[in-house]
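Presented below is the structure to which this report refers.
The values are calculated or read from the model by the stated rules, or taken from the named source; none is laboratory data. The model shown is predicted, which means the values in this text are computed figures rather than measured ones. Here the Cβ positions follow ideal geometry from the backbone for every residue, glycine too, while neighbour counts run over all protein chains shown. Accessible surface is based on the protein model in full, side chains and every heavy atom, while ligands, DNA and RNA are left aside. Shrake-Rupley method; radii C 1.70, N 1.55, O 1.52, S 1.80 Å.
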Amino acid sequence: MERAHSIESGGISLAATLHEPEPREEGDASGHPLVLICHGFVSNRIGVNRLFVKAARELASHGLAVLRFDYGGCGESEGEYGAGGLDVLLQQTRDVIDYAMRLEGIDAKRVVLLGHSLGGAVATLAASEDPRIRSLVLWAAVARPSADIARIVGQAGYEQAMQSGRTDYLGYTLTDRFFQSMSRFDPPRQAQSFAGDVLLLHGNRDNEIAVDAMFQYERQLRLRQAGSCETGIVLGGDHTFSSEEGYSRLMASTVAWINSQLQQRTIAV
């Protein structure tokens with residue numbers, strides 16, 4: 001079952017969709033594990049080629065609840081995406097996590113944060129400061145927000161924003177504050193504060209965020225005293241895992257890892 005939700009954050013409403021798996025057996029009062037999906041730069045909770053819709057439905061078929069949402073100014077959410085910065089995306093993620101933890105039928109001790117591209121960087125930052133998040137999945141995560149987003153927008157657009165205060169990118173107005181905020185964060189380094197387990201997946205055909213970004217995260221995560229880190233190159237995967245081969249490999253690795261994580265959490269609890 002899929003239900004529409006509205007989540008308040010900073011005076012605006014964020015549109016979200018909750019995927020609920022089949023009810024548990026009669027007499028089983030335990031809540032469902034939950035996966036929260038954070039989309040990338042100028043994207044939405046549907047995703048390119050319906051990536052997040054397909055992923056959410058597949059995860060739900062494996063007994064997981066899934067909440068996917070639009071950041072402010074994206075998809076069906078209120079607000080202006082480029083008016084704020086990475087700090088605003090982070091706060092919206094925090095508010096979504098708080099909302100999700102209060103949902104009926106959810107096991108708040110088994111919550112997985114999943115982020116794609118820039119959403120992977122935001123998910124990392126959110127998880128690094130929230131002990132309630134014990135598992136983190138990063139798909140083609142941005143490692144250097146300032147450099148990566150400026151490169152994607154293009155030098156001319158970046159310079160226009162810095163000089164005039166704003167630029168247009170695919171119909172989104174990006175302000176100088178948006179770009180300046182990126183330089184204040186270093187997701188791979190800040191990931192060292194996350195004590196949970198991490199799965200890093202990146203396509204070998206990603207032409208937007210080089211696969212080296214995955215290794216930047218891995219190098220920092222290996223320095224931690226707690227928490228595991230697994231990596232995987234998704235053969236045939238571009239940045240949005242749009243091919244059948246890339247998507248199938250992505251989901252097979254993701255489902256297997258999450259199921260392993262949740263089994264461990266169940267035993268631990």
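Worth pointing out:
- The portion of the accessible surface of the chain made up by carbon and sulfur, rounded to a whole percent, is 46 (1.4 Å probe; DNA, RNA and ligands excluded).
- Seen from Arg102, the other residues with C-beta closer than 13 Å to its C-beta sum to a net charge of -4, counting Lys and Arg as +1 and Asp and Glu as -1.
- Two-site label geometry, Ser228 and Glu80: point separation in nm, points 7 Å out along Cα→Cβ: 4.7
- Accessible area per residue for the chain is 44 Å², calculated with a 1.4 Å probe on protein heavy atoms, without ligands, DNA or RNA.
- For the chain, the Cα-based Rg and Dmax, in that order, read 17.7, 63 Å.
- Using alpha-carbon coordinates, inclination of helix 155-164 to the longest axis of the chain, degrees: 70
- Summed side-chain charge close to Arg50 - residues other than Arg50 whose Cβ falls under 12 Å, Lys, Arg +1, Asp, Glu -1: +3
- Structural descriptor for the chain: relative contact order 17 percent, calculated from alpha carbon pairs under 8 angstrom and at least 6 residues apart.
- Gln155 versus Gln192: modelled label distance in nm, points set 7 Å from Cα along the beta carbon direction: 3.3
- The amide H of Cys229, built 1.01 Å from its N in the peptide plane, has Val198 as neighbours under 5 Å, considering only residues 5 or more places off or on other chains.
- Net charge, Cys229 excluded, C-beta distance under 14 Å - Lys, Arg +1, Asp, Glu -1: +1
- Within the chain: Cβ-based charge dipole about Cα centre, in debye rounded to nearest 20 (Lys, Arg +1; Asp, Glu -1): 580
- Between 0 and 90 degrees, the angle of helix 244-268 with respect to the longest Cα principal axis of the chain falls at about 50 degrees.
- Taking the Cα centre of segment 148-269 as origin and assigning +1 to Lys and Arg Cβ atoms and -1 to Asp and Glu Cβ atoms, the resulting dipole is close to 460 debye.
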